[in-house]
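Engineer: Pasting in a structure now, in structure tokens, and then I'll have a few things to ask.
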Amino acid sequence: MNFKIIKSNRKTISLSVDDELNAIVKAPYYVSNYQIQEFIDRNSGWLEKAVLRKKKHIDKYNISEEDKKRLILEANDYLPKRVEYYSDIMNVKPTGLKITSAKKRFGSCNGKNSICFSLYLMQYPQAAIDYVVVHELCHIRHHDHSPAFYREVEAYLPDWRECRALLRR
């Protein structure tokens with residue numbers, strides 16, 4: 001495994017894995033290479049699991065162009081209907097709806113209340129999709145992840161935690 005060491009004006013050492021499956025070590029300037037190696041050795045178990053998680057994440061989005069087109073068609077057909085259904089119940093109206101090929105998030109809501117969904121969301125069960133739709137619609141009222149935001153989500157999806165868990169499998 002390749003390691004990239006980035007020293008900067010920080011106070012702690014951190015370890016992460018990038019999209020090329022390189023281990024990234026961020027450390028303060030004053031930390032020696034010996035201390036960095038000790039840190040890597042102490043966290044080798046975590047690092048192995050992180051690499052496996054990253055591989056799974058990359059594989060999930062490694063699909064053919066034909067499959068991508070199919071997911072876009074499904075998303076364009078299904079998601080506007082679910083947004084309309086929940087926005088009527090919740091009495092909120094997004095200013096726009098867009099399907100993207102985002103790989104880092106399933107949905108987003110910008111400051112102008114326009115909602116984006118990743119086409120990859122269509123690979124998940126309906127309950128998970130509904131959770132993302134409700135989650136993004138709740139951002140029209142609460143542009144944060146405060147307790148009030150999650151109370152709003154729970155008002156429309158009492159089992160939102162189970163639905164969200166489907167996205168993490």
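The values are calculated or read from the model by the stated rules, or taken from the named source; none is laboratory data. All values reported here derive from a predicted model rather than from experimental measurement. Only protein heavy atoms, including side chains, enter the accessible area calculation; ligands, DNA and RNA are left aside. Shrake-Rupley method; radii C 1.70, N 1.55, O 1.52, S 1.80 Å.
Engineer: Please tell me the relative contact order of the chain in percent, rounded to the nearest whole number, where contacts are Cα pairs under 8 Å and at least six residues apart.
Structural biologist: So the answer I get is 14 percent.
Engineer: Straight-line reach from residue 56: which lysines have a Cα under 16 Å away, not including same-chain ones fewer than 8 places off?
Structural biologist: Counting by Cα, and skipping residues close in sequence, residue 56 has these lysines nearby: 103, 104.
Engineer: Report the residue, chosen from 84, 154, 20, that carries the largest GNM mean-square fluctuation when the chain is represented by alpha-carbon nodes joined by springs under 10 Å.
Structural biologist: 20
Engineer: Identify all aspartates and glutamates with a Cα-Cα distance to residue 55 below 13 Å; exclude those on the same chain that are fewer than 8 residues away in sequence.
Structural biologist: 18, 19, 20
Engineer: So, one more: Run the helix sum for the chain: -39,500 (n - 2.57) per DSSP H stretch of 4+ residues, divided by residue count, reported at 222 nm to the nearest 500 deg cm²/dmol.
Structural biologist: One gets -16000 deg cm²/dmol as the mean residue ellipticity at 222 nm.
Engineer: Quick one: accessible surface of residue 67, probe radius 1.4 Å, all protein chains present, in square angstrom to the nearest 10.
Structural biologist: Per-residue accessible area (residue 67): approximately 60 Å².
Engineer: If you don't mind, there's one more thing I want to ask. Cα gyration tensor of region 98-160, axes a ≥ b ≥ c as square roots of the eigenvalues: rounded (a/c below 1.5), prolate (a/b > b/c) or oblate?
Structural biologist: Taking the square roots of the gyration eigenvalues as a ≥ b ≥ c, region 98-160 is oblate.
Engineer: Turning to a different aspect of this structure: Show which lysines lie in cross-link reach of residue 93 when reach means a straight Cα distance below 20 angstrom and same-chain residues fewer than eight apart are skipped.
Structural biologist: Within the straight-line cut-off, residue 93 pairs with 81, 112.
Engineer: To test your reading of the geometry: what angle, between 0 and 90 degrees and rounded to tens, separates the Cα axis of helix 126-138 from the longest principal axis of the chain?
Structural biologist: The angle comes out at about 90 degrees.
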